[in-house]
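A.B. asks: The structure's right below; bear with me while I get my questions together.
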Amino acid sequence: MTRRGVRDFLPLNDGTLADQRAQLYPTQVWYGIGLFIFIIGVFNWSSVLYSKFSRSRRGRDMESFATSRSSSVSIRRLPLALLNAYRVIAFRWTLHVGETLCLNTAEITLTVAYIVYMYVWAFINTTNLEGGKLDWTYWSTRIAMLATTQFPLIAALSTKNNLVSLITGVSFERLSYLHRMMARVVFIMLWVHAGTEIVYTVPTYPNLNMVWLICGITAITAFSTLIIISLRPIRRVAYEFFFYAHCTLVSVILICAYFHAGEYQFNTFIWPAFVIWGFDRVIRTIRLIIFNHSYFGFFSGATMDATIELQSEEYVRLRLCRPPHFHWSPGQMVYLIIPSVSRLPFEAHPFTIASLDSVMFHSSRTTEKSTGGRGTKEALAQKSFTVSSPFWKELVFFINVRKGFTLQLKKAATEGAKVKAFVDGPYGISPDLRTFDTSVLIAGGTGISYILPTFLRIVENVKEGKSSCQKVVFIWVIRDSNFINWINEPVCKALQLAPPSLAVAIRIHVTCSDAAVERGMVNGGRREAFEPPGGISPSASAENTKGSVLAFESIKVESGRPDLTKMLGEEVLSATGRLSVSVCGSPGMAQTVRQALRFPVSSPSSVLHDGPSVSLFVETYGYA
């Protein structure tokens, strides 16, 4: 005799069935989402382990790799060809929605799949016992419960320290799209619930002063306001207003939703959202204290006072002393808290670290022997170089001046005073480029903050025998030739330390007039028209360093915008093995690179004929 639940003895009616399914289906939805995250995690960690254990084998077998294209098809490369086709279709085919939104195929697929998944579970089995289809008593409460179960996941996708990133290998900034997408789907589902209740049940209530009902109305009103102000055009224009309003409205939504859902005994999925958010804040606070302990008086040590230097009318450089126990990878970012500049004391703003966490670069010294058989100009450049760069000792940030916080930074730079800075981080996932034979690095403006340390790390890994890279191409698009001063010393040092086995090509494209480019090259980079009041005073060593940059034959400065499509096509055509392309710049630059690496440039046919397997890593700057 089987044991039966209490519900089996209840009279079989529509209310009983509706309640059973409203309780059961949300749990089943979570099983499906959990399984999907698990599968992505398996692929991610399998890839990580494969890359880790294949590096040594690739290092030993480099001579066995093809050095030229084959006219015949290699069947053994079929899985790799299919993988490249997947990369192109999933991440380089895009759809533009308006002027500001660009979605790739993977994002579109996830969006459609999530919407279908949620609404199928909301409206499945809604035929009543009399045969009436889509009976509202079956799906009205159920759709609200389904939406409520997503609150913890939406909260997790918004935090900097979350299990989803750890499992899937997708950084938190990439997950922000899923956070917004899921929140909007849940918003529509809650309005379906609210609209149905307004039409069918609210008119039957004796009064509207019930606390749970008032909380429900308040929550959906706050949610509606949040959806409006989170639209991309509004975020771009008034990001700081959006940030503070977002925090306030989310608190209202969760608190009111908790009391509203309590009427249905279904608020168990709401309080975990508070726990997830609180856990993230605790972790961030602990890290903030550890990395800024001298400010809090727990341990002795130098304070992390920041120096803000005006590089031009549109850019500032911020430098601060790094704690000895603070480590980061190229491309990672931190949140800077500067109370004297911000409107609120603990206002945090994200910026990518432009310097490199490197023992080798910091400890290496240039000697005359290092010039080897290089040209006279390069030898002179090396002799004039001194190891004084903050790129090995400090955290360095290149910041584009806009409105709000960055504008206040510019004002602080003109005053020349140091400011107290707190560091929260580092965050983000740095791509591992050690297994690539060729790396192409593309930066636009302050995108150099991501690309420069990546370039330096490639040189370091090759010199230490940790990378199989044979060629690196560095492309930087800037508006003013004086911006070359930003990378003088680190690039000089990298070129000095680069082993002969690594071919380096640096292309700097200046989009201002030809005369300005020529003037910048002839005068060795001296600032003529503009001298930043709070910036670095141009010294003889700095000027010599700029001259030494242009003395290297591997560096070419050209006027005008680069033809990225042509340049990438040439690199793919000449490369074999594995090729990585990293780009950090405007959305337009990123889109150009995506288009350049679609079919037929990066195609299964090319891979089958011993062409390169191309991986693309895209970072775009901007608040929204």
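The values are calculated or read from the model by the stated rules, or taken from the named source; none is laboratory data. None of these values were measured; they are calculated from a predicted model. We place every Cβ from the backbone using ideal geometry, glycine too, and count neighbours over all the protein chains shown.
A.B. asks: Could you tell me whether VAL282 is under 23 Å from the mean Cα position of the chain (by Cα) and assigned to a helix (DSSP H, G or I)?
C.D. replies: Values: under 23 Å from the mean Cα position of the chain (by Cα): yes; assigned to a helix (DSSP H, G or I): yes.
Taking the combined requirement at face value, the residue satisfies it.
A.B. asks: Any chance you could count how many residues in the range 202-228 are outside any helix (DSSP H, G or I) and within 18 Å of PHE259 (Cβ to Cβ)?
C.D. replies: Filtering the range 202-228 for residues outside any helix (DSSP H, G or I) gives 205-210.
With within 18 Å of PHE259 (Cβ to Cβ) added as a condition, the list becomes 205, 207-210.
The number of residues fulfilling the criteria is 5.
A.B. asks: Report the residue count in the range 108-132 for those that are more than 27 Å from the chain's Cα centre (by Cα) and over 16 Å from ILE188 (Cα atoms).
C.D. replies: Qualifying residue count, the range 108-132: 9.
A.B. asks: Would you be able to say whether some residue in the range 558-569 is of a type in the set (S, T, N, Q), at pLDDT 90 or above, assigned to a helix (DSSP H, G or I) and within 24 Å of SER467 (Cβ to Cβ)?
C.D. replies: no
A.B. asks: Applying the selection to the range 245-266, what residues are crowded, with 16+ Cβ neighbours inside 10 Å and touching a residue at least 60 places away in the same chain (Cβ under 8 Å)?
C.D. replies: Residues satisfying the conditions are LEU254, ALA257, ALA261, PHE266.
A.B. asks: Assess whether VAL199 counts as being under 34 Å from the mean Cα position of the chain (by Cα), farther than 27 Å from HIS96 by Cβ and assigned to a helix (DSSP H, G or I).
C.D. replies: Answer is no for this residue.
A.B. asks: Just for helices (runs of 4 or more DSSP H) wholly inside the range 32-151: which have at least 2 residues that are outside the structural domain of SER603 (by the TED database), at pLDDT 95 or above and loosely packed, with under 15 Cβ neighbours inside 10 Å?
C.D. replies: So the answer is 105-123.
A.B. asks: If I filter the range 176-185 for residues that are at pLDDT 90 or above and of a type in the set (Lys, Arg), do I get at least one hit?
C.D. replies: The answer is yes; a qualifying residue exists.
Table: residues versus (1) modelled with pLDDT of 95 or more; (2) under 30 Å from ARG236 (Cβ atoms); (3) part of a helix (DSSP H, G or I).
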position	(1), (2), (3)
ILE399	no, yes, no
LYS411	no, yes, yes
THR414	no, yes, yes
ASP432	no, no, no
PHE436	no, no, no
ILE475	yes, yes, no
PHE483	no, yes, yes
ILE487	no, yes, yes
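A.B. asks: Looking at VAL440, VAL423, can you tell me which residue is among the hydrophobic types (A, V, I, L, M, F, W, C), within 25 Å of LYS160 (Cβ to Cβ) and in a strand (DSSP E or B)?
C.D. replies: VAL423
A.B. asks: A follow-up question, please. Just give me the residues in the range 152-175 being part of a helix (DSSP H, G or I), crowded, with 18+ Cβ neighbours inside 10 Å and at pLDDT below 90, in sequence order.
C.D. replies: Within the range 152-175, PHE172 is the sole residue that qualifies.
A.B. asks: Another question, then. Select, from PHE291, PHE223, PHE242, the only residue that is outside the structural domain of HIS327 (by the TED database), surrounded by 15 or more Cβ atoms within 10 Å (Cβ to Cβ), touching a residue at least 12 places away in the same chain (Cβ under 8 Å) and more than 30 Å from ASP305 (Cα to Cα).
C.D. replies: On the way: PHE291 fails: more than 30 Å from ASP305 (Cα to Cα); PHE242 fails: more than 30 Å from ASP305 (Cα to Cα).
Criteria check complete, one pass: PHE223.
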